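One structure is given below, encoded as structure tokens.
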Amino acid sequence: MTDSQASQVANSDSSSEEVAANMDKENVVLRVDDLVKSFGALVATDHATFEVERGTITGLIGPNGAGKSTLFNLISGFYESDAGRVEVNGTDVTDMEPYDIADHGLIRTFQTPRKLEGMTVREAMLVGPREQPGESFIKLFTDPESVRQREQQNLDDAEQILEDFEIDHLATQPATKISGGQLKLVELARAMLAEPEILLLDEPAAGVNPTLRNKLAEQIRRLNEQGTTFLLIEHDMEFVMSLADPVIVLDRGHVLMEGTPDEVQNDERVIDAYLGG
């Protein structure tokens, strides 16, 4: 951290001792502790501290500019933090590379899914699994049978997940030719091939028509019932409030409060933050 960044942290309006989130959870899969990130004079993440309990769908909301995407990028390793700590299952993953964090069970999606040129949907799905032996040049020659078996298993798993998501009819379609909503479903399905313990969803409903949005919500509930933990950013309040409990509210880079959907929607501080009070 540079001297100027250290000064910004020290002079921040928020105190790391003021924790608005519930930090008494029993089975924590993700812990964010006093996380700070500045871009020049802008403090984007200001001593953010919260926990995600295993088995929940936890919502992360806040007005535009609250720092939600920056926080996701810090947690998943796409940004380096200025201060603070991120733990996944009790392991410090702060500032690890994204692929190393993924190996600890934290997977994320993006607000705008990347279209994989030249691939069918089935082929795009096969990018998802972690620790594929075929990625090792040596394994291809020293143990080709294990590579073949794993690739067949990945293919079988991909076919099953596409069927579970009711999008198996898209398997042979070019990944660049499907709709934005279908692409969101494919990205969610591909993420499940990595067998995440916690899955971070960045605005899954953005730009999605109501029919596919409802299907996304159904799939998130189904996967959660099967054991996947979710942390999701979403601007669509109806979508997030129908899915998430608890909901964490971020404002100007720090956690404003955490509560049930009803508590959040009726909290004066949240109303003021969204209305610019």
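What the table shows:
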quantity: Ala273 being under 13 Å from Lys68 (Cβ atoms) and touching a residue at least 60 places away in the same chain (Cβ under 8 Å); calculated: yes
quantity: Residues of segment 198-218 that turn out to be in contact (Cβ under 8 Å) with a residue 12 or more places away in the chain, among the charged types (D, E, K, R) and open to solvent by 30 Å² or more (accessible area, probe 1.4 Å), as a count; calculated: 2
quantity: Selection count, segment 208-253, where residues are among the acidic types (Asp, Glu) and touching a helix residue (DSSP H, G or I) at 6+ places or on another chain (Cβ under 9 Å); calculated: 4
quantity: Pairs with Cβ under 9 Å, 6+ apart, first in segment 166-195 and in contact (Cβ under 8 Å) with a residue 24 or more places away in the chain, second open to solvent by less than 40 Å² (accessible area, probe 1.4 Å) and among the basic types (Lys, Arg); calculated: Ala191/Arg108
quantity: Condition check for His169: farther than 27 Å from Met23 by Cα and not aliphatic (A, V, I, L, M); calculated: yes
quantity: Qualifying positions in segment 78-99 - at pLDDT below 95 and of a type in the set (Asp, Glu); calculated: Asp95
quantity: Wholly within segment 20-101, strands (runs of 3 or more DSSP E) carrying at least 2 residues that are open to solvent by 10 Å² or more (accessible area, probe 1.4 Å) and either of a type in the set (D, E, K, R) or out of contact with any strand residue (DSSP E or B) (no Cβ under 8 Å at 6 or more places or on another chain) (or both); calculated: 28-39, 42-53, 83-88
quantity: Set Glu258, Glu195, Glu263: member being open to solvent by 30 Å² or more (accessible area, probe 1.4 Å) and part of a strand (DSSP E or B); calculated: Glu258
quantity: Some residue of segment 206-227 being in a loop (DSSP other than H, G, I, E, B) and either in contact with a strand residue (DSSP E or B) (Cβ under 7 Å, 6 or more places away or on another chain) or of a type in the set (Asp, Glu) (or both); calculated: no
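The values are calculated or read from the model by the stated rules, or taken from the named source; none is laboratory data. Since we're looking at a predicted model, the values are computed, not measured. For neighbour counting, all protein chains shown are included, and Cβ atoms are generated from backbone atoms with ideal geometry for every residue, glycine included. Accessible surface areas use protein heavy atoms only, side chains included; no ligands, DNA or RNA. Shrake-Rupley method; radii C 1.70, N 1.55, O 1.52, S 1.80 Å.
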